[in-house]
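The values are calculated or read from the model by the stated rules, or taken from the named source; none is laboratory data. What you see is a predicted model; the values in this text were computed from it and never measured. Because the Cβ atoms are built from the backbone with ideal geometry, glycine has one as well, and the counts that use them run over all protein chains shown. Areas reflect the complete protein model, heavy atoms only, side chains present, ligands, DNA and RNA absent. Shrake-Rupley method; radii C 1.70, N 1.55, O 1.52, S 1.80 Å.
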Amino acid sequence: MTELISKKPFFERFAIWLKKNLFNTPTNSVISIFLLAFIWKGIEGLFTWIFIKGVWSGGASVCREAGGFCFPFLFEKTRFIIFGFYPDGQLWRPTCAMLILIGTLFYSKEPNRWNKKLAYLWSISTFFIFWLMGGGLGLTEVTNDKWGGLPLTLLLATIGIVCSYPLGIVLALMRRSKLKVLKSISVVYIEIIRGVPLISVLFMSSVMFPLFLPEGVNFDKLLRAQIAIILFVSAYMAEVIRGGLSSIPKGQYEAAHTLGLSYFDTMRSIIIPQAIRIVIPPTVNTAIGMFKDTSLVLIIALFDLLNTTKTSLRDPEWLGFSLEAYVFVGLIYFVFCFSMSKYSQRLEREFGMKER
Amino acid sequence: MSENMIEINDLNKWYDDFHVLKDINLSVRKGEKIVVCGPSGSGKSTMIRCINRLEEFQKGSLHVEGIPLNSDLKNIEQIRKEVGMVFQHFNLFPHLSIIDNLILAPMRVRKMPKKDATDMAMQYLEMVKIADQAHKFPGQLSGGQKQRVAIARSLCMKPKILLFDEPTSALDPEMVKEVLEVMVDLAKEGITMICVTHEMGFAREVADRVIFMDAGQILEENTPHEFFDNPQNERTKEFLSQIIN
Ligand SMILES: Nc1ncnc2c1ncn2[C@@H]1O[C@H](COP(=O)(O)OP(=O)(O)OP(=O)(O)O)[C@@H](O)[C@H]1O
Ligand SMILES: [Mg+2]
């Protein structure tokens, strides 16, 4: 049956699909027509705004007059939105750093590459990323208060996710431990962190923490924010992973026990690999949440992607183009979050096919 | 005493108030094959799980190869290496391929190089007639194949004692035979076996002794021939008549 349909030309197949899925009963037909009209209205409005009324050249006044999407604003501000206050002549550096980061992430996405070699690759990439961003060894130094925009957001998020994950695993194992001390530490930590908003953790790390430091000791602000993010997210990761751990059947522990495997080997090779496969969807959910939450670092005056966007809107010459700006960064955020979501679905499918 | 592989004396176990095992006494010689049977809930699993410390007991003593099984972690670890176990529900590691299921413990516990472990694992897969499936995952095998893999996995640790807890009762009838055949082959190799099963054909063919348990006690203990054809205890008679029908 399906084969027969697939041999027909596209439009005919499309018509069959429409009839089967949207117009199969009178009521459904009416609902479909209303919804399609509604969707059409939206698309039409967006299309007119961007392509028909949209302005491709000229200044702010031309844009204001036309009332369409103001591309000149983006042409003018993209540099600042993406790179923040990074020095002008050096923009190739954060660009390369981002490419290395994304390239390494891309390379890491195949499960059959998850081995020691990948760990080496990451150390090398990390070195180059920080060298390019920060300078030294022949490059002009750029202190990290000048870092901003997309590279900053990507770094905060990637390092946040990569570091909070193992920490989350440790916390989850501690919470399930038979040793009361370990268990209590983990419970108290997780509950406290989950009980406060990220903003307050960031605020504490930036404003209160230095008060406790001895005079003259200076602790990098960006590093403090990064640590705050890691500590915060690890509590959530821990709970996600704990969910996976508790869904592993007792028989797996028993089999490991009878084979003589140690606690460490049992966890490392049997329990944790299975647990983290089970919780791929909530893990990615947490990761996506934290990717977007990195934008909260703006309250401690770090210029991440959202903050550079907001700042670009304050230019007196270009007041009033917030829609353009937010559509633009919205798209950037979407591309990254959507890729994560797609990737998680792929991983799930791949593990599911072989192993269930 | 020292030629006994397993020596259980006055073993008692409670789950809270519930007295699961009552004064169990059992010695198993090296190479002996023992079949344990009895009604559901009689404590068969609990007893054999005490032997590799999957369960703790509260009173009595248990020696494996002369090593006392107590709370001394060193002893427990040593005994765990010597005693293999095959479970009713296989308990294979679903995220590892068959070959990886087999080589994991030899590599981690016995510190075998990967190549040697793989060669040995292939031999055991050959023995359980499943070498062609080495690179599949457990989820891709039938129940009978899974159980044969589980047996091979236990053998890879070269245990001196192998415990079976109803290895065929989760299998479809047509797969029971292939697993029992492997177990019969294994019995001929001289390994010490304790097997909880209701497969009477297997018991007759392989067992040196059959043990009947009820309500946490060993009620009868005899050669298969005597046990099946001339049971002494009333409960045994009742039980045998039930499983025959
Ligand atoms: N963790 C536990 N807590 C409390 N009672 C338990 C526990 N495990 C087993 N029991 C009880 O101990 C008794 C013996 O259980 P066991 O599993 O050894 O029986 P069995 O002879 O193997 O039965 P079956 O043939 O059904 O496998 C049963 O009555 C069971 O309900
Ligand atoms: Mg049982």
Determine how large the accessible area of residue A:263 is when every protein chain is in place; take a 1.4 Å probe and give Å² rounded to the nearest 10. 140
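Ordering B:178, A:12, A:65 by how much accessible area each has at a 1.4 Å probe, largest first, what is the list?
Numbers: B:178 55, A:12 90, A:65 165 Å².
Descending accessible area places them as A:65, A:12, B:178.
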Probe 1.4 Å, heavy atoms of protein chains only: per residue, the accessible area of the protein assembly as shown in Å² is 51
Quote the relative contact order of the stretch A:87-141 in percent (integer), defining contacts as alpha-carbon pairs under 8 Å separated by 6+ residues. 46
Placing each pseudo-label 7 Å from Cα in the direction of the beta carbon, residue A:110 and residue A:78 end up separated by a distance in nanometres of 3.2
Taking Cα pairs closer than 8 Å and at least 6 residues apart, the relative contact order of the stretch A:1-149 in percent is 17
I'd like the residues of the stretch B:93-126 whose 1.4 Å-probe accessible area shrinks by no less than 20 Å² going from the isolated chain to the full set of protein chains. B:93, B:94, B:95, B:104, B:105, B:108, B:109
By the gyration tensor of its Cα atoms, with a ≥ b ≥ c the square roots of the eigenvalues, what is the shape of chain A: rounded for a/c under 1.5, prolate for a/b over b/c, or oblate? oblate
Accessible area buried, both sides summed, chains A and B with 1.4 Å probe, Å²: 2100
Which pairs, out of A:180/B:13; B:115/B:158; A:117/B:114; A:77/A:342; A:250/B:188; A:178/A:250, put more than 20 Å between their alpha-carbon atoms? A:180/B:13; A:77/A:342; A:250/B:188
Rounded to the nearest 0.05, FRET efficiency between residue A:124 and residue A:196 (Cβ-Cβ, R0 22 Å) equals 0.05
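Let me have the 222 nm mean residue ellipticity of chain A computed from DSSP H runs of 4+ only, each contributing -39500 (n - 2.57), with the sum over all residues rounded to the nearest 500. Don't skip to the end; give the middle numbers.
Values: 17 runs with 246 residues, N = 356.
Computed mean residue ellipticity for chain A: -22500 deg cm²/dmol.
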FRET efficiency for residue B:172 and residue A:48 from the Cβ-Cβ distance with R0 = 60 Å, rounded to 0.05, comes out at 0.40
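Can you name the helices of chain A, as whole DSSP H runs, whose Cα span along the helix axis is 30 Å or more and whose Kyte-Doolittle mean is not below -1.0? If you can, show how the numbers build up before the last one.
Details: long enough: A:26-47 (31 Å, 1.24); A:149-175 (37 Å, 1.77); A:221-246 (38 Å, 1.15); A:322-355 (48 Å, 0.25).
The answer, listed by residue number, is A:26-47, A:149-175, A:221-246, A:322-355.
Using a simple charge model, +1 on the beta-carbon of Lys and Arg, -1 on the beta-carbon of Asp and Glu, nothing else, what dipole does the protein assembly as shown show about its Cα centre, in debye to the nearest 20?
Details: 66 positive and 59 negative charges, 356 e Å.
The calculation lands at about 1720 debye.
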Unpartnered cysteines of chain A (Cβ-Cβ under 4.7 Å counts as a partner)? A:96, A:163, A:337
Placing each pseudo-label 7 Å from Cα in the direction of the beta carbon, residue B:205 and residue B:132 end up separated by a distance in nanometres of 2.3
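Report the FRET efficiency, 1/(1 + (r/R0)^6), for residue B:244 and residue B:23, where r is their Cβ-Cβ distance and R0 is 30 Å, rounded to 0.05.
Details: r = 29 Å, r/R0 = 0.97.
Efficiency, rounded to the nearest 0.05: 0.55.
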Rounded, prolate or oblate: which one fits chain B, using the alpha carbon gyration tensor with axes a ≥ b ≥ c (rounded when a/c is under 1.5, else prolate when a/b beats b/c, else oblate)? oblate
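What is the gain in length, in nm to one decimal, between residue A:18 and residue A:208 on full extension, counting 0.36 nm per residue of separation less the C-alpha to C-alpha distance?
Details: separation 190, 0.36 × 190 = 68.40 nm, distance 6.04 nm.
My answer for the length gained is 62.4 nm.
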Using +1 at the C-beta of Lys and Arg and -1 at the C-beta of Asp and Glu, which of A:199, A:144, A:347 has the Cα lying farthest in the positive direction of the dipole of chain A? A:347
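Could you tell me whether the stretch A:87-141 comes out rounded, prolate or oblate from its Cα gyration tensor? Rule is a ≥ b ≥ c as square roots of the eigenvalues, rounded for a/c under 1.5, then prolate if a/b exceeds b/c, otherwise oblate.
Values: a/c = 5.66, a/b = 2.13, b/c = 2.66.
It is oblate, given that a/c is not under 1.5 and a/b is not larger than b/c.
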Once every DSSP H run of n ≥ 4 in chain B is given -39500 (n - 2.57) and the sum is divided by its residues, what mean residue ellipticity at 222 nm do you get, rounded to the nearest 500 deg cm²/dmol? -11500 deg cm²/dmol
Given +1 on the Cβ of Lys and Arg, -1 on the Cβ of Asp and Glu, and no further charges, what dipole in debye does the stretch A:87-141 carry about its Cα centre, rounded to the nearest 20? 340
Please work out the Cα center distance from the stretch A:185-240 to the stretch A:303-356, rounded to the nearest Å. 25
